[in-house]
Amino acid sequence: MSEHDSLEYLSNLRHSCAHLLAAAVMELFPSTHRTIGPSIENGFYFDFEFQEPLTDDDLPKIEAKMHEIVKSWKGFEKQELSAQDAKDEYPGNKYKHELIEEFSEHGKKKISFYKSGSYRDLCKGGHIEHPDQELKFFKLTSLAGAYWKGSEKNAMLTRIYGTVWPTQAELDVYLLQQEEAKKRDHRKIGRELELFFIDDMVGKGLVMWLPKGTILRDQVEKLAKEKEHDAGYQRVASPHIAREELFLTSGHLPYYKDSMYPPMEMDDGTYYLKAMNCPHHHRMFLFRPRSYREFPIRFAEYGTCYRNELSGTLQGLLRVRGMTMNDAHIYIRKDQIKDEFKKVLQLTQEYFDIFGLKDYWFRLSKWSPAHPEKYINEPKNWEYSEQMLREVLQEMKVKFVEVDDEAAFYGPKVDVQFKSVIGREETMSTIQLDFLAKARFNLNYIDSEGKENNDVFVIHRAPLSVHERFMAFLIEHFAGAFPLWLSPVQVAIVPISQDQHEYAATIQQKLDKQGIRVEVYGEAESMQNRIRKAAGQKIPYILVVGKKEVEDGTVSVRQRGSKESTVVKVEEFASKVNEEVNSRVI
């Protein structure tokens, strides 16, 4: 890997371009107040307080100024200033003054600045050596609003996003990916195909699934239930709320309180909307005494949870306030960790094979003995469990990486990392091992010697992630052109004229009785318009029926993506569709 391919270089390149953006803004709009400009994945941003509103039309002008300025930037020179001198650099800028107070520890320490050309800014460093040569291939991509320090209690600033790459070719590839991302945006496709919407009167981040979207959602849930039944899971259902005592016992209160909805005071105590399913499942485990012979005990639930996300962070289905998880909690003995974890990973891979998802890998997150305050104090369990998870990944011969000091506080975890069709890397799901729940909930069983044993381990797993997030992923992955078994409408029937409406209705009834999802496009408009509408809905099969088809008891079949048609008997077509659906062909 060359220097220019390293993550450190890309981060420095992007942060340097953020400086360049700010320099151009300050020349064009000198009364603007600067705040912060970090590098982010695939680019950078800078937050400003403008005196007059900025529009997208201003971005080309800022870009041109950036290209003009960078010619004089020969490097980045570090300088150190006292807190007072630093504040003098930003007259009237309360945001920079606040940062200076924080970074200087209220005037006790000097503050580092970096200067390039005539531009100087508060900065801790991380730049490229030759900006005049290396800062060439950039693009300002969008504007957004952003609260100062991410808090809705603070002022709303204007955020300018940009991207920068070492070469023009890399910039071109990224911009093409972004164009493709716009076409595949699940929010856009969700509206066009009438899958879901989010209604302000209902509330931000609360998804309303329309009939077609509910079919898609139900098909995924049906698959999960079938697979989990075959894998020995028992389905359970838990309430959406619980008493405060449950979340105090689990440890979610007070530590997770900010992410939970406010408490509800009832006549018999204080209740919360649940933000997770595990405490309910632990109580189900304790419903009666357990024997060592019962293990593993696998409780599965598509449980709906609620999290109090800030409105500014919500993003379609990717980040919501009401979410339904493909959740399960598996209660195991210590000697079962390896085998059960392997089964969970194998089930995860089975799902991905069915959906045709291939570009993924695993990430083993471990504890750090150097930071014992962050983790439950059970060194032997940490060492043993991490080794078991490592052996599982090695024996399965899957691609994985190990990272230190990123485990959950109660046990190691394996994240499933995906590269989407538009080049975005994201975490699809997480499989976590937990050896803290046993202490908080007194989980125990009667062992082979008839003694009470509290060495109960728990695997938290949701291989299909949060339902809403996974739906977003599928919508974008298939660009709305879902495989037949997932498609909300599988067949469209288009009668050539009014004379074939009765025959079309008869075919619809026959297919419907066989469980095939079908609609008739019989509006009073041209046949070609009706075919275009059905194609626009990305329906897998379009059946055109005219006088000859009525006489012969046939249909003219056009498959999505093909201009060719074939004529077959209705029964033959239905049989083919059912075979394709049952095999879940991609």
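The values are calculated or read from the model by the stated rules, or taken from the named source; none is laboratory data. Predicted model only: the values in this text are computed from it and were never measured. Don't worry about glycine lacking a Cβ; one is built from the backbone with ideal geometry, like all the others, and counts go over all protein chains shown. Protein only, heavy atoms only, side chains kept; ligands, DNA and RNA dropped before computing areas. Shrake-Rupley method; radii C 1.70, N 1.55, O 1.52, S 1.80 Å.
With respect to the stated conditions, Ile539 fails to be under 33 Å from the mean Cα position of the chain (by Cα) and either modelled with pLDDT under 95 or in a helix (DSSP H, G or I) (or both). Among the residues of region 531-570, the ones that are in contact (Cβ under 8 Å) with a residue 60 or more places away in the chain, out of contact with any strand residue (DSSP E or B) (no Cβ under 9 Å at 6 or more places or on another chain) and of a type outside the set (Gly, Ala, Ser) come to 1 in all.
Give the number of residues within region 100-112 that are crowded, with 18+ Cβ neighbours inside 10 Å and out of contact with any Phe, Trp or Tyr (no Cβ under 7 Å at 6 or more places or on another chain). Count: 2. A Cβ distance below 6 Å, combined with a sequence gap of six or more or placement on separate chains, defines the contacts here; from region 1-13, residues that are closer than 17 Å to Gly162 by Cα reach residues that are at pLDDT 85 or above in the pairs Ser11/Ser39; Asn12/Gly126; Asn12/His127; Asn12/Ile128; Leu13/Ile128; Leu13/Val164. With respect to the stated conditions, Glu549 fails to be over 25 Å from Glu194 (Cα atoms), open to solvent by 60 Å² or more (accessible area, probe 1.4 Å) and not in a loop (DSSP other than H, G, I, E, B). Screening Lys227 on (1) within 29 Å of Tyr271 (Cβ to Cβ); (2) more than 21 Å from the chain's Cα centre (by Cα); (3) surrounded by 13 or more Cβ atoms within 10 Å (Cβ to Cβ) shows it passes everything except condition (1).
Kindly provide the set of residues from region 502-526 that are closer than 19 Å to Gln490 by Cα, open to solvent by 50 Å² or more (accessible area, probe 1.4 Å) and either of a type in the set (Val, Ile, Thr) or assigned to a helix (DSSP H, G or I) (or both), ordered by number. Residues satisfying the conditions are Thr506, Gln508, Gln509, Lys510, Asp512, Lys513, Val520. When each of Ser6, Ser16, Ser39, Ser31 is tested for being under 24 Å from Asn93 (Cα atoms), small (Gly, Ala, Ser) and open to solvent by less than 30 Å² (accessible area, probe 1.4 Å), the lone residue that passes is Ser16. Just one residue in the set Ala23, Ala18, Ala64 is out of contact with any Phe, Trp or Tyr (no Cβ under 7 Å at 6 or more places or on another chain), hydrophobic (A, V, I, L, M, F, W, C), at negative phi and not in a strand (DSSP E or B); that residue is Ala64. Taking region 115-218 as the region of interest, the helices (runs of 4 or more DSSP H) fully inside it that hold 2 or more residues being open to solvent by less than 40 Å² (accessible area, probe 1.4 Å) and farther than 30 Å from Lys533 by Cα are 131-134, 168-184.
Counting only residues that are surrounded by fewer than 15 Cβ atoms within 10 Å (Cβ to Cβ) and either over 38 Å from the mean Cα position of the chain (by Cα) or closer than 22 Å to Gln537 by Cα (or both), region 561-577 holds 11 of them.
Here is the figure for region 383-399: residues that are open to solvent by 50 Å² or more (accessible area, probe 1.4 Å) and either more than 29 Å from Gly251 (Cβ to Cβ) or modelled with pLDDT of 95 or more (or both) total 4. Entry remark, region 80-93: residues being in contact (Cβ under 8 Å) with a residue 12 or more places away in the chain, farther than 23 Å from Ser16 by Cβ and open to solvent by 80 Å² or more (accessible area, probe 1.4 Å) number 1 in total. Within the span defined as region 491-500, one or more residues are charged (D, E, K, R), modelled with pLDDT under 95 and not in a loop (DSSP other than H, G, I, E, B).
Which ones in region 297-352 are of a type in the set (A, V, I, L, M) and farther than 18 Å from Pro279 by Cβ? The answer is Leu310, Leu314, Leu317, Leu318, Val320, Ile332, Ile337, Val344, Leu345, Leu347.
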